[in-house]
Amino acid sequence: NAGVTQTPKFRVLKTGQSMTLLCAQDMNHEYMYWYRQDPGMGLRLIHYSVGEGTTAKGEVPDGYNVSRLKKQNFLLGLESAAPSQTSVYFCASSYSGDTSSPLHFGNGTRLTVT
Amino acid sequence: GENVEQHPSTLSVQEGDSAVIKCTYSDSASNYFPWYKQELGKGPQLIIDIRSNVGEKKDQRIAVTLNKTAKHFSLHITETQPEDSAVYFCAARLGYGGSQGNLIFGKGTKLSVKP
């Protein structure tokens, strides 16, 4: 039982390039989330999904797209990377949206955009 | 929308001392307040949480208190150990919406426990 797995762990992009971050969970969780973490800023929600085939915008969705084609996977895409998207990205999942269902986080992807 | 303020940003204590981290929130309808611990190179991990119908919750050396009137909640760690060194985040769930996708996080406190 691996929990939440994020790939890749590190990535360097040039401005304007595109990439996709993959998040996979093996806990049969319905809800999945993408956060970004910047120094001194805490965790900010980018997008989330409440089930297969659904997505919703979070606090800072601009410049990102997501897809949830399979229940166990949640993809985060950057179509045209900008230096402002340099950050550590965390994926999380939860069994439901109820408060009795805590978030389980992956170990993050460190993205640098030059 | 909800805003969560967390203090202090850094905290250094001697092993065996207590540590207290405080958070305030702005939305009086918020009803769920988790605390996460993030070790270096890892993702955050839930360590304790409290709901708005409870004033205090304890789990071994950690406890959380909630003052709904003042809209603040605190994390208390007693008998600190070097392995408690990490970044701690508080969070509050927005008063509307049923998804934990509406969790708003504080900016974090870096706790250092000196042996």
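The values are calculated or read from the model by the stated rules, or taken from the named source; none is laboratory data. Being a predicted model, the structure only gives us computed values, none of them experimental. Glycine also receives a Cβ, built like all others from the backbone with ideal geometry; neighbour counts cover every protein chain displayed.
For every residue, the table says whether it meets (1) under 21 Å from A:Ala92 (Cα atoms); (2) at pLDDT 95 or above; (3) under 15 Å from the mean Cα position of the chain (by Cα).
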residue	(1), (2), (3)
B:Gly1	no, no, no
B:Lys58	no, yes, yes
B:His76	no, yes, yes
B:Cys90	yes, yes, yes
B:Gly97	yes, no, no
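Identify, by number, the condition in (1) part of a strand (DSSP E or B); (2) buried (at least 20 other Cβ atoms within 10 Å of the Cβ); (3) not β-branched (Val, Ile, Thr) that A:Ala81 doesn't meet.
Only one criterion in (1) part of a strand (DSSP E or B); (2) buried (at least 20 other Cβ atoms within 10 Å of the Cβ); (3) not β-branched (Val, Ile, Thr) is unmet by A:Ala81, namely (1).
Scan A:Tyr48, A:Tyr35 and give me the residue that is hydroxyl-bearing (Ser, Thr, Tyr), touching a Leu at 6+ places or on another chain (Cβ under 6 Å) and surrounded by 14 or more Cβ atoms within 10 Å (Cβ to Cβ).
Only one candidate qualifies: A:Tyr35.
Among the residues of region B:1-51, what is the count of those that are surrounded by fewer than 18 Cβ atoms within 10 Å (Cβ to Cβ), within 13 Å of chain A (Cβ to nearest Cβ) and of a type in the set (Ser, Thr, Tyr)?
2
Those residues that are outside any loop (DSSP other than H, G, I, E, B), surrounded by fewer than 20 Cβ atoms within 10 Å (Cβ to Cβ) and within 14 Å of chain B (Cβ to nearest Cβ), I need them from region A:84-103; list them, please.
A:Val88
Test A:Val50 against the criterion of being within 11 Å of chain B (Cβ to nearest Cβ) and closer than 29 Å to B:Ile50 by Cβ, and give yes or no.
yes
Tell me whether region B:86-109 contains one or more residues that are within 13 Å of another protein chain (Cβ to nearest Cβ), of a type in the set (D, E, K, R) and not in a strand (DSSP E or B).
The answer is yes, given that some residue of region B:86-109 is within 13 Å of another protein chain (Cβ to nearest Cβ), of a type in the set (D, E, K, R) and not in a strand (DSSP E or B).
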